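The values are calculated or read from the model by the stated rules, or taken from the named source; none is laboratory data. Bear in mind that the values here come from a model prediction, so they are computed numbers and not experimental data. All Cβ positions, glycine included, derive from the backbone under ideal geometry; neighbour counts span all protein chains shown. Side chains included, ligands, DNA and RNA excluded: accessible areas come from the protein's heavy atoms. Shrake-Rupley method; radii C 1.70, N 1.55, O 1.52, S 1.80 Å.
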Amino acid sequence: FPVTILWVEGCAASACAAEGGLEASIRRFFSESSPQRGLSSLMFFILFAIFYRAFVWTFVTGFLARGGRAMHDRVVENLAQVPVTFYDEQPTGRIVRRFSGDYANLLVEIPNYVNDIFGCIAEILWIFVLVGLQAPLACFSCFPCVLVYIRIQAQFRPASREIQRLSKVLETPFWSVFTECVAGLQTIRCYGRVGEFQTRLRDLQMRYALSFLTQNRMTRWLNVRLKVTSELYIVTGK
């Protein structure tokens, strides 16, 4: 059985018996098991992982899809009851944004984020269990690292929230002008204002691009500090 041979390669019975810990126990289990039992064990873990991922993804996607439909129905119902002056006061891009960008984020981006969060939580818990079984005292050294993470998060979250809000505010005028240009293209060409509208669109696009770039740089700022903290923790632990 190739997988069993690969797993217990270089693990003699005496050597495995002398070793301790979870890894040695697993290696002894595969070395003492028959090929059929080892294959059944591996297939069980593989199928469990597949069904777990499918269940989480289906649950998250279905839950958020219902939320998306509820939001869409409420927006349509509210827009049907507003006075006509509401459409004169509100930019067209802001209304379009509610039916396009926000709805797409709720159905596409948020399920991926939620799925990643559940995956990270499960991975962290599994790593914590493994570390606790292999070296219980190492769990106490995780608390300083957690405190550093909390401090970094406290600095990142307010700035990230404000830059995301600014990004949405700057995106709405761009779509408003773009929608107006598409609807009144013949009028714009007739009055010779093509260059003026191109300049407006370019300026609005540049302002939105700068905010989007700032948001990406802030995410990179967070990733660098988290990685540096984890590497320092690993080096200190060694």
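Structure above, values below:
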{"read-out": "By accessible area with a 1.4 Å probe, ligands and nucleic acids excluded, highest first: order of Lys168, Lys227", "value": "Lys227, Lys168"}
{"read-out": "In Å², nearest 10: area of Leu170 left accessible to a 1.4 Å probe", "value": "30"}
{"read-out": "Label-point separation in nm, Met218 to Val182, each point 7 Å along Cα→Cβ", "value": "2.9"}
{"read-out": "Over segment 49-171: Rg over Rh, Cα atoms, Kirkwood Rh", "value": "1.14"}
{"read-out": "Computed accessible area, Trp57, all protein chains, 1.4 angstrom probe, square angstrom", "value": "110"}
{"read-out": "Heavy-atom surface of segment 105-238, accessible at 1.4 Å and reported per residue (Å²)", "value": "74"}
{"read-out": "Exposure of Phe174 as accessible area (Å², to 10), given a probe of 1.4 Å and all protein chains", "value": "40"}
{"read-out": "Protein accessible area in segment 98-137, 1.4 Å probe - carbon and sulfur %", "value": "76"}
